[in-house]
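Asker: One structure, as structure tokens, below. Some questions next.
Throughout, read-outs are computed from the coordinates displayed, never taken from laboratory work. Please read all numbers here as calculations on a predicted model, not as lab measurements. Glycine also receives a Cβ, built like all others from the backbone with ideal geometry; neighbour counts cover every protein chain displayed.
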Amino acid sequence: MRILGIETSADDTGIALIEAEGAYCTDFSFKVLANEVSSQNVHAEYGGIYPNLAKREHAKNLPLLLEKMPISHVYNSCDIHAIDAIAVTVGPGLEPCLWEGIEFAKKLAVQWHVPIVPVNHMEGHIVISMMDLRNPSLGELATFEFPALALLVSGGHTELILMKSFGQYEYIGRTRDDAAGEAFDKVARLLGLPYPGGPEISRLAEHARKTHEASPRGFKLPRPMMHENSYDFSFAGLKTAAERLIKSKPLQSLGREKLACEFEDSVTDVLVYKTLRAVEEYGANAVVMGGGVSANKHIRSVLSSKLEAVSSKLLVCPPQFSTDNGLMIAIAGYFHALKNEFEDPKSLSANGNWKLC
Ligand code: KG4
Ligand code: ZN
């Protein structure tokens, strides 16, 4: 089955085309025929995403990315054999942005006479991390056993989800305020770094670890809710603590790199500690980490080694697929297409708060 995946839930426009076959738990495999992402740099100077600006950029980018698909010739003709279904993100995310992708998908579906599969963005992040991408253009389901936990860490979400089987989700914890990625972006702004802040903070922190890891930092940021009984998170207080610190002393004397490093350590400690506790409580054999923050090298490496020590396994996609893309939507869409979960284009609508369960 050939599936076109369309992603426009935030500030990345993504379209991918895959050819997939088999059932998920037995003989599933896919080829990536194309995967194009256009990251909007128009938000860099504002330190966050402006929904209407993002929507306009999606409208501009979608036809350009489609042109790059190996089926671009069908856009104006009508070769219905080239595509079997269109998968599109309908939530969660910014509604003006979601609508742009949905309307684009509807137009193509009508033109090509193909069905549409609505996809949950967070499920897209989960499934792509469950894949063994042997090379960037060939993949299959990774080997692991349920129960598993999903740790979703993105610009809008921080969630721990229990999965007893494929496609079955149960929330066990979520952030009570800011998401982990949002905290990275806000603290980056305080440090005078551009949006998105995650990769910038990570770069400074890595440099700090290489150069003056041993030297005392002279300050400590909190590890919010780390020792509380629940699996919920809270990152707004961490940002406020960083802000207070920056106001109390010139940034130069604190050291931008040291602060970036301490912040990254704090987020890592909280995510890893809570995930490990959940792994033990639920007997999880694997942790599937997904979302933009899962591109973070430090978090990956600490979580992976801690999980290894308790005989659990970290499943995470190559970092270039951690941030939003159409490939994850195409893969998730395939599993729903297998179950005939298509939707009438007339009733398809955006759901900015769509929960997995
Ligand atoms: O999943 P994603 O692309 O979009 C949403 O669904 O929100 O995640 C974007 C978030 C941003 O907050 C960005 O700063 C963060 O992922 N991010 C990172 C890294 N790369 C992206 N955070 C920490 N370290 C990184 N290397
Ligand atoms: Zn995302």
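Asker: With each pseudo-label sitting 7 Å past Cα toward Cβ, what's the E145-S248 distance in nm, one decimal?
Answerer: Using points 7 Å along Cα→Cβ, the separation is 4.9 nm.
Asker: Separate question: Name the residues whose placed amide hydrogens come within less than 5 Å of the amide hydrogen of L33, ignoring near sequence neighbours (fewer than 5 apart) on the same chain.
Answerer: L17, I18, E19
Asker: Now a separate question. Beyond 39 Å, what share of the Cα-Cα pairs of the chain is found? Please give it as a whole percent.
Answerer: 15
Asker: Stokes-Einstein at 37 °C, 0.692 mPa s, Kirkwood radius from Cα pairs: D for the range 148-284 in µm² s⁻¹?
Answerer: 210
Asker: Order these peptides, 120-128, 252-260, by their mean beta-carbon neighbour count within 10 angstrom, highest first.
Answerer: 120-128, 252-260
Asker: Work out the FRET efficiency for N353 and K106 from their Cβ-Cβ distance, taking R0 = 25 Å, and round it to the nearest 0.05.
Answerer: Once rounded, the FRET efficiency stands at 0.75.
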